[in-house]
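As structure tokens, the structure follows; a few thoughts come after it.
The values are calculated or read from the model by the stated rules, or taken from the named source; none is laboratory data. Computed from a predicted structure; not experimentally measured. No Cβ is skipped: glycine too gets one built from the backbone with ideal geometry, and neighbour counts run over all protein chains shown.
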Amino acid sequence: MPAESGVSTLFSARALQALIASGPPLVVLDASFDLTDAAAGERAYLDAHLPGALYVHLDRDLCGAKTGRNGRHPLPERAAFAATAGRLGITSMTQVVVYDRQGSMFAARVWWMLRWLGHAPVAVLDGGLAAWQSAGGAVDNDRVLAKAQPAYPITAEPSPLVRTVDADTLQSQLGRIALIDARAPERFRGEVEPLDTQAGHIPGARNRFFRDNLGADGRFKSADALRAELLPLTDARPATEVVHQCGSGVTACHNLLAMAVAGIDGSALYAGSWSEWSSDPSRPIARG
């Protein structure tokens with residue numbers, strides 16, 4: 001359910017319109033992307049975007065260097081992303097609202113990464129560009145220039161609510177944590193694998209396709225509905241014993257956002273996800 005006055009989960013289109021009209025410091029980010037066409041999101045942004053929105057590119061802005069063994073979308077160093085946030089004009093006092101055209105799958109990654117820096121006032125536009133236009137919001141096609149700031153002042157360590165685990169740690173914890181995989185069911189079962197070298201899933205993982213967090217209108221389900229659907233996947237474990245993963249650490253953030261909306265904040269992200277795990281032949285794989 002949209003947090004009309006909140007800053008840390010979802011904004012409705014109406015709430016964002018009101019915020020823009022009131023004039024506080026605000027950065028709007030368009031994170032649209034296509035995993036099979038890395039230029040498609042930016043083309044869509046240049047065709048139509050929220051007035052004043054800046055574009056962030058998954059590969060250029062939200063990832064670190066790829067080694068072939070660390071997944072398709074590895075996290076950058078926090079200091080590198082702090083510099084990116086500053087370049088986008090984000091200060092510790094800036095409200096950030098992120099959206100995309102893909103059911104918030106990429107917007108959620110930005111939401112999680114800004115929280116990873118320690119930035120609290122960040123939310124996803126519930127329903128994305130379609131919801132904005134349905135609410136009568138205008139769009140334009142100008143390329144917007146950021147009002148650059150110094151690198152974001154990150155804390156020494158991320159918040160305990162925003163945690164990561166690496167592959168070795170995860171493997172040592174299998175069977176003692178709840179592991180939730182955000183990929184489509186057929187990929188989870190290992191029936192198809194369009195992006196990575198091996199099909200299957202991490203042993204013990206349970207499947208929660210990220211799109212199941214959304215209603216028919218493309219907006220997130222209510223907090224109560226999400227809680228009822230997500231809690232059974234945790235095996236009654238606290239959020240500190242829950243890890244989320246997907247193909248490459250992107251749609252897992254959608255499930256992390258859904259957990260936060262549901263009031264179950266604090267689980268961890270395995271950022272390398274299946275693309276990293278499956279690249280190492282020594283790691284176990286399950287199918288079915």
Matching residues, region 117-136, being touching a Lys or Arg at 6+ places or on another chain (Cβ under 9 Å) and more than 26 Å from Ser92 (Cα to Cα): Ala130, Ala131, Ala135
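Per-residue answers, yes or no, for (1) closer than 29 Å to Ala13 by Cα; (2) more than 21 Å from the chain's Cα centre (by Cα); (3) surrounded by 16 or more Cβ atoms within 10 Å (Cβ to Cβ); (4) not aliphatic (A, V, I, L, M):
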{"site": "Leu129", "(1), (2), (3), (4)": "yes, no, yes, no"}
{"site": "Gln133", "(1), (2), (3), (4)": "yes, yes, no, yes"}
{"site": "Asp140", "(1), (2), (3), (4)": "yes, yes, no, yes"}
{"site": "Thr155", "(1), (2), (3), (4)": "no, no, no, yes"}
{"site": "Pro160", "(1), (2), (3), (4)": "no, no, no, yes"}
Residue that is in the same structural domain as His254 (by TED's automatic domain parsing) and assigned to a loop (DSSP other than H, G, I, E, B), where the choices are Arg143, Arg183, Arg187: Arg183
Meets criteria (at pLDDT below 95, under 13 Å from Ser273 (Cα atoms) and acidic (Asp, Glu)) for Asp235: no
Those residues of region 81-121 which are aliphatic (A, V, I, L, M) and assigned to a helix (DSSP H, G or I), in sequence order: Ala82, Ala83, Ala85, Met105, Ala107, Ala108, Val110, Met113, Leu114, Leu117
Scan of region 207-251 for residues that are among the charged types (D, E, K, R) and in a helix (DSSP H, G or I), ordered by number: Arg211, Asp212, Asp224, Arg227, Glu229, Glu241
Pick from region 11-38, criterion within 30 Å of Gly247 (Cα to Cα) and modelled with pLDDT under 95, ranking: surrounded by the most Cβ atoms within 10 Å (Cβ to Cβ): Leu35
Criterion violated by Ala123 - all others in (1) more than 14 Å from the chain's Cα centre (by Cα); (2) more than 16 Å from Phe33 (Cβ to Cβ); (3) assigned by TED's automatic domain parsing to the domain that holds Leu16; (4) buried (at least 17 other Cβ atoms within 10 Å of the Cβ) satisfied: (1)
Of the criteria (1) at pLDDT 95 or above; (2) on the phi < 0 side of the Ramachandran plot; (3) among the small types (Gly, Ala, Ser), which one Ser92 fails: (1)
When residues of region 214-246 are limited to those that are hydroxyl-bearing (Ser, Thr, Tyr) and either under 19 Å from Arg176 (Cβ atoms) or in contact with an Asp or Glu (Cβ under 8 Å, 6 or more places away or on another chain) (or both), the one surrounded by the most Cβ atoms within 10 Å (Cβ to Cβ): Thr234
